[in-house]
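For reference, the structure is listed below as structure tokens.
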There are 2 protein chains.
Amino acid sequence: MTPVLIDGVTLHPEKQIFHPQGDVFHAIKSNSPGFVCFGEAYFSSTLFGETKGWKKHLRMTLNLLVPIGSVRFVCYDDRSDSPTFGVFSDVTIGVGNYQRLTVEPGIWVAFQGVGNENNLLLNVADMIHDPDEVERCELNEIIYAWNSGT
Amino acid sequence: MTPVLIDGVTLHPEKQIFHPQGDVFHAIKSNSPGFVCFGEAYFSSTLFGETKGWKKHLRMTLNLLVPIGSVRFVCYDDRSDSPTFGVFSDVTIGVGNYQRLTVEPGIWVAFQGVGNENNLLLNVADMIHDPDEVERCELNEIIYAWNSGT
């Protein structure tokens, strides 16, 4: 496990098994670090350069995998009592850097498609989608230097 | 839920939400029909025309989703006490027929890549991988008319 800058955001390497007949990529196990419980799994796709604006989950822990392409996740900590208050983390995961990104509740997340073709992410969440536990804001409401970073 | 021919094999439609910035496809929820409990999730990819030979899980229930391309799953029932003893089921799921395929333990499964490019499946299994609960046999040990069917 490589710690990322924000308290509550962690990266966990997952196994990729390459085989000429087709590859197997691990995603998450019930005894994996960062796994809380199982609520719902869903896929989200994003094209090259598209950025999906900020969301903050109040109760959901995200476990994010990218088995196709690669996706850049920028997280922002606006919790005034956090040891990493005001910090951004900027992580790109995908086929070439195959890790699981765990994001605990209370942290802002935006993401951007990095691969030239389709970029697919899987979120294995610890609760079923509930619109009342999500806060959203526009991409330009949290200023980040998207052109710098990874 | 559309019943499939074999007792213990079921299909469950899942939602696809199309959006110009990127689509969201549901996979499975903790209250979905066919969900038992969460053990492990993993991806498996298969190229066009490749067929991965027969496996029978003795304890694992599979919940299979295909968010990229399409995959043909052939199941075979050799349980002599089953109401569908000797029956094959032949189902192709994927982006164009987006359903979740649930396969209970004790049923043989083989699968084949159908889409021209990559075909990606996700298995949300109710237990962590255990090689001792899997039986395998070669593709030609269970004779099936792969050139017929869907």
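Table: residues versus (1) closer than 23 Å to A:S32 by Cβ; (2) crowded, with 20+ Cβ neighbours inside 10 Å.
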site: A:V103; (1), (2): yes, yes
site: A:G106; (1), (2): yes, no
site: A:G115; (1), (2): no, no
site: A:L120; (1), (2): yes, yes
site: A:I128; (1), (2): yes, no
site: A:P131; (1), (2): no, no
site: A:N147; (1), (2): no, no
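Going residue by residue through region B:38-57, is there one that turns out to be within 14 Å of chain A (Cβ to nearest Cβ), in a strand (DSSP E or B), over 15 Å from the mean Cα position of the chain (by Cα) and surrounded by fewer than 19 Cβ atoms within 10 Å (Cβ to Cβ)? Looking through region B:38-57, at least one residue is within 14 Å of chain A (Cβ to nearest Cβ), in a strand (DSSP E or B), over 15 Å from the mean Cα position of the chain (by Cα) and surrounded by fewer than 19 Cβ atoms within 10 Å (Cβ to Cβ). Does A:P83 meet the test of being out of contact with any strand residue (DSSP E or B) (no Cβ under 8 Å at 6 or more places or on another chain) and modelled with pLDDT of 95 or more? The answer is yes for A:P83.
Filter region B:24-37 down to the residues that are farther than 28 Å from A:H19 by Cβ and either crowded, with 17+ Cβ neighbours inside 10 Å or of a type in the set (D, E, K, R) (or both) and list them by number. Answer for region B:24-37, where residues must be farther than 28 Å from A:H19 by Cβ and either crowded, with 17+ Cβ neighbours inside 10 Å or of a type in the set (D, E, K, R) (or both): B:H26, B:K29, B:S32, B:F35.
Of all residues in region B:111-135, those satisfying the criterion of being under 19 Å from A:P20 (Cα atoms) and either of a type in the set (V, I, T) or more than 12 Å from every other protein chain (Cβ to nearest Cβ) (or both) are B:V114, B:G115, B:N116.
The values are calculated or read from the model by the stated rules, or taken from the named source; none is laboratory data. All values derive from a computational prediction rather than experimental measurement. Please note: Cβ atoms are built from the backbone with ideal geometry, for glycine as well, and neighbour counts cover all protein chains shown.
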